[in-house]
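Chemist: What follows is a structure written as structure tokens; I'll ask about it next.
No value in this document is a laboratory result; all are computed from the given coordinates. Everything quoted here is computed from the prediction, not taken from an experiment.
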Amino acid sequence: MEKDKKLSDIKDAFETAELLLACRAEYQKTTNVIVESALKISGADRACLIIRNKKDELIIKAGSPQNAHGIGYKITPETGEMFLRQVMSNKSIVLIANPSGDCRVSYMRELATTCRISSILFLPLFSESEPIGILVFDWVGGRKFSNEVTEKIKLLGRLASKSIGMIYKRRKDQEKTLQDEESRILGEHSSQVAHIIRNSLMVIGGFSERLLNGLSPQSNLGNSEIHSELLNTLRESANIIDKESKKLERIVNDVLAFSSLKKPVLETYSINEFLKEELLNIASNGPKPILKLSKRLDGLHTAFDKKMLSTCLVGLIHYAIENSASRIVVKTKLKPKQQEIMLSVINNGKQINPHILKKIFSPFVTTEIDGTGLGLANVQSIIRCQGGNICVLSGDMTEFRITLPLIKA
């Protein structure tokens, strides 16, 4: 008889281990299997799994019956947080033989009475000596915990801890791999930005030297033909220096804007009135933007930071010009169902490659030869910090759509 019992225990343990190994790649499925196995092995009527998350919060991750455990809820001081942390700290099983009268689980008194819970067992789980959670077993209707299942429960605890620990380790490895990849990409693109800056500085240095040589006392300015040729050279050099300086200024501004985004100063404006005023003041070396404003937005308001939104408009217009646009349209639209306004900047420039389109707002993704890929990333950050969103569509025309919440009168 004793031999049959031990064989049964071993069989149960192997079945549980096989189930956990089979589903360890799926976190939620693993936690569900742990709870189901807890009921089967212990003979308990109810069970739940409480997990400690990255924020050091205790969350009810799984339970059976499912509708009786508040799955997904956070354990609070009012629902036994202090006691559960103490159980995890002591690293030992705690049995409550009289839930209705034990002050350690006073938070469960009403539940114990309602569900007729007669005993509760708390089994702490660990991974590499670090507490990761607790398995809770309830027996109801006068049924009590039996010492005969202690070893089974302990074995289940070890298997559950191992399974959850493997998932945690894999997640950490994945996060580290992702961080390493992000660092590598950041390093590559930082090198690219440095290369652009260095090239511009070399160009500026070379043409500055030509200017200085042309203006030196040794320059032969007596001959009118030489004088005219020299002036043309100096003008050409000055224009190139000016162009490269502006490129460097734009790069530096992009980097500074991306790395130090300020908190927006939100004020209430009419988007139509803002655009009428703003586009008059935007200076560009390309086509003048055409305004198409929805009359439905006249008299309606939204909240935004004027300076920041202006930066976004300048960035999107500059993007259009850099991509050979000959026509730029700025239009507004009311989205009443969503209680939003939509501001679109549309251009007929080069179509964005579908592969790049998916990540166009990511840092360092660019369609320009000398671009940093921070301009559109900065635009997205600005819009999002004001409670809005931005997306892009690109085909015969490229359209950047900005949405901002409408303020109700």
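Chemist: Could you quote the convex hull projected area for region 73-126, Cα atoms only and averaged over all directions, in nm²?
Modeler: For region 73-126, the mean projected area of the Cα convex hull comes to 3.9 nm².
Chemist: Going Cα to Cα from LYS263, which lysines come in below 18 Å? Please leave out same-chain ones fewer than 8 positions away.
Modeler: Straight-line reach from LYS263, under 18 Å: LYS306, LYS307.
Chemist: Can you give the Rg/Rh ratio of region 267-407, where Rg is from the C-alpha atoms and Rh is the Kirkwood radius?
Modeler: In region 267-407, Rg relative to Rh is 0.94.
Chemist: In terms of modelled amide H atoms, which long-range or inter-chain residues lie less than 5 Å from the amide H of ARG46?
Modeler: ASP138
Chemist: Quick one: what does P(r) look like for region 27-152 with 5 Å bins over all Cα pairs, in whole %?
Modeler: Spelled out bin by bin, region 27-152 gives 2, 11, 22, 27, 23, 12, 3, 0 percent.
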